[in-house]
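Scroll down for the structure; my scribbles are underneath it.
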Amino acid sequence: MRVQSPGVRGKGWVAASRFVLYSTNFAPQRATRGAVMFIKTGRRRRTARRNPIFRRYLSGLLLGWAAVLVAACGFLGPTPPGTPTPSGYVWHWGYGTLLSPAQVQPLSNVTAIAAGHSHNLALRADGTVWAWGDNSHGQLGDGTTTSQSAPVQVAGLSGVIGVAAGTRHSLALRSDGTVWAWGDNSNGQLGDGTTTQRLTPVQVAGLGGVSRIAAGAVHSLAVKNDGTVWAWGSNAQKQAGQATGSQFSQPVQVPGLSAVTAVSAGAYHSLALRNDGTVWVWGGGGPTPQQVPGLSGVAKLMQGGHGYHNLVIRSDGTVWGWGNNNSGQVGDGTTTYRPNPVQVSGLSGVVAVAAGTNHSLAVRSDGTVWVWGYNSFGELGLGSTTAPQLVPVQVTAIGAAMAVDGGQEHSVVISHSAQATPTPSPLPTAPKSVGAEVGLTVVPASSPTPTPVQISLTPVDIGPRPPTATPTPVVIDLTPVDVSPKPVTPTPSPVPTDTPTPVPTSTPAATATPTPTPVPTATPTPPATATATPAPVPTSTPTPQPAPGQLCVRKFADVNGNGSHDPGEPWLSGWTFTLSPSPPAPAQVATQGQDGVVCVTLPAPATYTVTEQVQAGWVPTTPQQQTVTLQPGQTQVLQFGNRR
């Protein structure tokens, strides 16, 4: 057998000692000394004939090459590039109603996931794609605009090896290197040459040889096998990498980039990872890719596409983040906007990371899931809508994870396990009611069937009593029963035990345990025993102090002047606002960063007024002064728009 590759010199053939079957590059790789066996053609080596270990190694090597060639022909079935080969089950949480992980039924054998704004995609090992959640723009791909609470198969797709989800559009990469898209197309983000909404997948025009895809809010990205990056959809903030043009309905090449191995997207910006471990970013107003300073040795980019912060994994397993941090989503223990990368606190051995709109997720090599950031909708999966988490905390109810993603206010995980991990936190007694975007049949954690336990109760001396025979073992069925207070049913004779039977507080002691056997009058049951478990005294628990609230102000360029922020309209930094009353509010604040936001923590409940200081050359399209009542633990966001 002879295999010749243009990238390998000489007349022989070289094979790497490990095969990565999900790679899109099936060409033999040039060997490094000590890592491979080199077999010359035209003659045999005596070692191969005489050494049985070598013969077994050679057989495995040839079988490995055969597997690679078969995979290249598409017979082994697709596996997403860059994602683990093993498949698993899908779990998710959030949406304001589902506060702990719950399994999505009936999905199994899932190899990749993607979370949109309010919809989700799952890729199964057989190359089919399944979707559930919001379907207002056809982003589920089932030919309708009906939202689905359980997964439905995306129509007409097979041989898929990767998926990505934008705000209201979806992407799929097939094993033949073509890209398919469906859903909202108002900014050309489907790449089919139109701006027509599509309820089923259509092929992205003129694009082949693709190895990676990503989706932002209203734009899409792809990496070709030659290392070039292509973009389509909105370019309002230059996220398509073009100096001119507001949107592109067909792919255009992002200039100045080569040797790219992966791409990712924020809401209105884009990122690329080069083969030298550097990260490049564009958008947010700048069309030219710029290298992220102080960041090297990056192994993997975040999954996501809805937020204004970025996360990457370095080759040492640490996570680094930068950008918007108003809810602690960068994970450095602060809420300070980070223009440059900082290390996420306390995380190591990370193999996957994802960014939701205002929260973040990571999977460690031991399969544990860690979360941080905003949590008002339960998107952290901690069993409650606690305050934002400024550093990573573990989601103890899920384990054996292999992939994560985050949406607007929810999270999705692939786990090897179909059983929730036991947690010390009490579980709800019944599944919560969830909306269509939750998209699952909730499977509560199972509990073993109670087993009757045989307990031998030996009588003890408690004073005068009628003679008794040899005690007989008593079988007690420990099945849970209703223990709410109610009158005790009289029994003909009490069974003596080591622990006295408690007397219900609602029944007088004189009638609680009537018996035909005379009870010595010297030891009557005192009425005081009725108060053996006193009711809680309200004054014994300190009254909790009201939690503060958070007030955020965002500034946007209202390009169409309609008074609301639309996809593609840029956020503006450097705008000043006056807050009153002052104190407790600061006198003035200014928006920051590419997401044009500033957030302050204020006492609550209280009412605050925010007044915009209009800059020269701009005309307000929203009220210049807005008033809001802030409740404890609540985050309120006020948006101010202007046009030129």
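Nothing in this text is a laboratory measurement; each read-out follows from the coordinates by a stated rule. Keep in mind the model is a prediction, meaning the values are calculated, not measured. Cβ atoms come from the backbone with ideal geometry, glycine included; neighbour counts cover every protein chain shown.
Quick notes
- Applying 1/(1 + (r/R0)^6) with r as the Cβ-Cβ distance of Gln631 and Ser564 and R0 = 22 angstrom yields a FRET efficiency of 0.40.
- Net charge of neighbours whose Cβ lies under 13 Å from the Cβ of Gln639, counting Lys and Arg as +1 and Asp and Glu as -1: -3
- Dividing the mean sequence gap of close Cα pairs (under 8 Å, 6+ apart) by how many residues the stretch 74-207 holds gives a relative contact order of 19 percent.
- Residues whose placed amide H lies under 5 Å from that of Gly549, excluding near-sequence neighbours: Leu602, Ala604, Gly633
- Distance from the alpha carbon centroid of the stretch 330-404 to that of the stretch 548-610 works out to 26 angstrom.
- Here the contact order of the stretch 154-247, divided by its residue count and restricted to Cα pairs under 8 Å and six or more residues apart, works out to 23 percent.
- The stretch 549-643: relative contact order in percent, alpha carbon pairs under 8 Å with at least 6 residues between: 39 percent
- As a rough guide to protection, the peptides 94-107, 590-603, 625-638 ranked by mean Cβ packing within 10 Å, highest first, stand as 94-107, 590-603, 625-638.
- Charge context of Gly284, other residues only, Cβ under 13 angstrom, K/R +1, D/E -1: -1
- Inter-label distance, nm, simple model (7 Å from Cα along the C-beta direction), Gln613/Thr228: 4.8 nm
- With a cut-off of 14 Å between beta carbons, the residues surrounding Ala352 carry a summed charge of +1, where Lys and Arg count +1 and Asp and Glu -1.
- Converting phi to 3J(HN,Hα) with the Karplus coefficients 6.51, -1.76 and 1.60 and the offset θ = phi - 60°, the stretch 586-593 yields x, 5, 9, 9, 9, 5, 9, x Hz in sequence order, with x at every glycine or proline.
- Gain on full stretching of the segment that runs from Ser582 to Asp316 - 0.36 nm per residue minus C-alpha separation: 91.1 nm
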